[in-house]
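Student: The structure follows.
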Amino acid sequence: MRSPDHIDIDSDFSGLGLSFPGLFCSSLPRECFTTDEKFIVLSSLWGSVSRVLKICTTNGSITSLEPNFCPEDDGDSKQYSQSLVCLSEHHIYLTQSTPKTPKILGRICLKTGRAEVMSQMSPITASSHSFLNKVKSAKLSWKVLHLNPSDGTNGIIQGILLLPDTSDSKQLPPLIVVPHGGPHSALSTSYIPSYAFLCSQGNYAILEVNYRGSTGFGQDDLESLTGCIGTQDVRDCVQATKAVIDLGL
């Protein structure tokens, strides 16, 4: 869905570095309407971030729900990802996570907008006797990289970079590069246990690449990959990898 010029975006998205790209969701939730039928609530990709959006059914205005349940996370302040769980008569239930912080379950009151945390998940599935239940976040840092294509064409390449704590080491960590499949798909800043484990416990740096043609970056960016699969996407992954190496992290 393209972004019509008349749509109002009721939020400051400067932290995402992208204007509204349109709706990118595989399907609508089974119960996506509020009880008064004034709003549709859904999860949609916005660049490398998944956000819960509230869309007015009368004028099409869009509100991004932005309760930050991960204030202690040291990544990009607005780059956390969300996913809609369900709607009730009075609340929106959603999860929120980052590459460092496992999913947090929270809810937002439809009437007042008040947000509250309900529960935080463990880093991995574990029994009540496991020490992992006491771990709230992995020992790593992360950031979202923005790159312009080196071939001079339009579009944007983004990479989600996870870095281990190497304060006690003089060597650079080995780098694992993760391109997504699809090819029309995307990697988000949500928590992935295997990547967090490899980074924080195995001391690997992880680079998740959203090359041109990834969902969540607009229709033009999506269609730029048509006829170029296996070349443009590969070049973008190579460029993102070289950019990380050049940073000398």
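All of the numbers you see were taken from the coordinates with simple rules; none came from a lab. Small disclaimer: the values here were computed from a predicted structure and weren't measured. Please note: Cβ atoms are built from the backbone with ideal geometry, for glycine as well, and neighbour counts cover all protein chains shown.
Student: Need one number: nm distance between label points at residue 185 and residue 197, each 7 Å from Cα along Cα→Cβ, rounded to one decimal.
Tutor: Placing both labels 7 Å along Cα→Cβ, they lie 2.0 nm apart.
Student: Cα-Cα over 29 Å: which of 54/143; 103/242; 38/100?
Tutor: Values: 54/143 26 Å; 103/242 31 Å; 38/100 35 Å.
Beyond 29 Å: 103/242; 38/100.
Student: Taking amide hydrogens as modeled 1.01 Å from N in the peptide plane, which residues meet the under 5 Å criterion relative to residue 204, leaving out close sequence neighbours?
Tutor: Placed amide hydrogens put 199 under 5 Å from residue 204.
Student: Okay, moving on. Roughly how compact is segment 34-113, stated as its Cα Rg over 2.2 N^0.38 Å to two decimals?
Tutor: On the way: Rg = 12.8 Å, N = 80, 2.2 N^0.38 = 11.6 Å.
Compared with the compact-globule rule of thumb, segment 34-113 sits at 1.10.
Student: Also, I was wondering about something else. Just to be sure I understand the model, the point goes 7 Å from the Cα along the line to the Cβ. What's the resulting residue 245 to residue 175 distance in nm?
Tutor: Label at residue 245, label at residue 175, 0.7 nm between them.
Student: Same structure again: Name the residues whose placed amide hydrogens come within less than 5 Å of the amide hydrogen of residue 185, ignoring near sequence neighbours (fewer than 5 apart) on the same chain.
Tutor: So residue 185 has HN proximity to 215.
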